[in-house]
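Novice: Quick one: this structure, given as structure tokens, is what I'll be asking you about.
Bear in mind that the values in this text are calculations on the coordinates, not laboratory data. Model, not experiment: these values are computed from the prediction. Cβ coordinates were reconstructed from backbone atoms using ideal geometry, including for glycine residues, and neighbour counts include every protein chain displayed.
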Amino acid sequence: MGNIYETDPSELIAKVSGSLKALPELKAPAWAAFVKTGHFKERPPVNPDWWHMRAASILRAIYVKGPIGVSKLRTKYGGKKNRGVRPEHFYKGSGSIIRKILQQLEKSGLVKQVNVSGHKGRAITPQGIKLLSQAAPKKTVVRKETAETPAGSDVKEEVPKKIKRPARKEKAEKEPVPAVSPEPVKKAGETTKTAPE
């Protein structure tokens, strides 16, 4: 089992969404092909498996942020609306989509409703943690192969020496720039006369 926090979220969500497709409780409704995911969006999602991707993303968000409700998830999946020449405003994501996904995840036994010291919301179950950790890649340890030296040998390891950088020159130490006499300013219509050689 891999560490969920050390895994790249996009890779983890892609793997978890593949395993969520196999669950019979997690199916996209008929209207999911036509709906936008928020008021700020211009078009519906292009990915045909967006329902399972969003479900996997919500499952990971519940794991990371603890008991979390629909309102916080709406803020997480919100964004800025392009209002033409007017300034952009932040709008929350669709609450209906999040609510339906949470209900489906609850039916499948991956999340449950909890009340932890006044904080109500959904929390992940051990079955949900197992699903996420199986999708996370296992951490592999790469060991360096070193040639072992005998105990009494005089071989010393080379330690990189610090590179001594030259000190900064002070302004006074800089060489003075030779003064160049300015050329006389020519007036309009004047020509310069050169001496014949």
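Novice: With the cut-off at 26 Å, report for segment 9-135 the share of all Cα pairs above it, as a whole percent.
Specialist: 22 percent
Novice: Could you grab the relative contact order for segment 29-106? Cα pairs under 8 Å, six or more apart, rounded to a whole percent.
Specialist: 34 percent
Novice: Please name whichever of SER117, GLN104, VAL16 sits farthest to the positive end of the charge dipole of segment 9-135, dipole taken about the Cα centre and charges placed at Cβ: Lys and Arg +1, Asp and Glu -1.
Specialist: SER117
Novice: I would also like to ask the following. Nothing charged except the Cβ atoms of Lys and Arg (+1) and of Asp and Glu (-1): what's the magnitude of the dipole of segment 9-135 about its Cα centre? Round to the nearest 20 debye.
Specialist: Charge dipole, segment 9-135, about its Cα centre: 420 debye, nearest 20.
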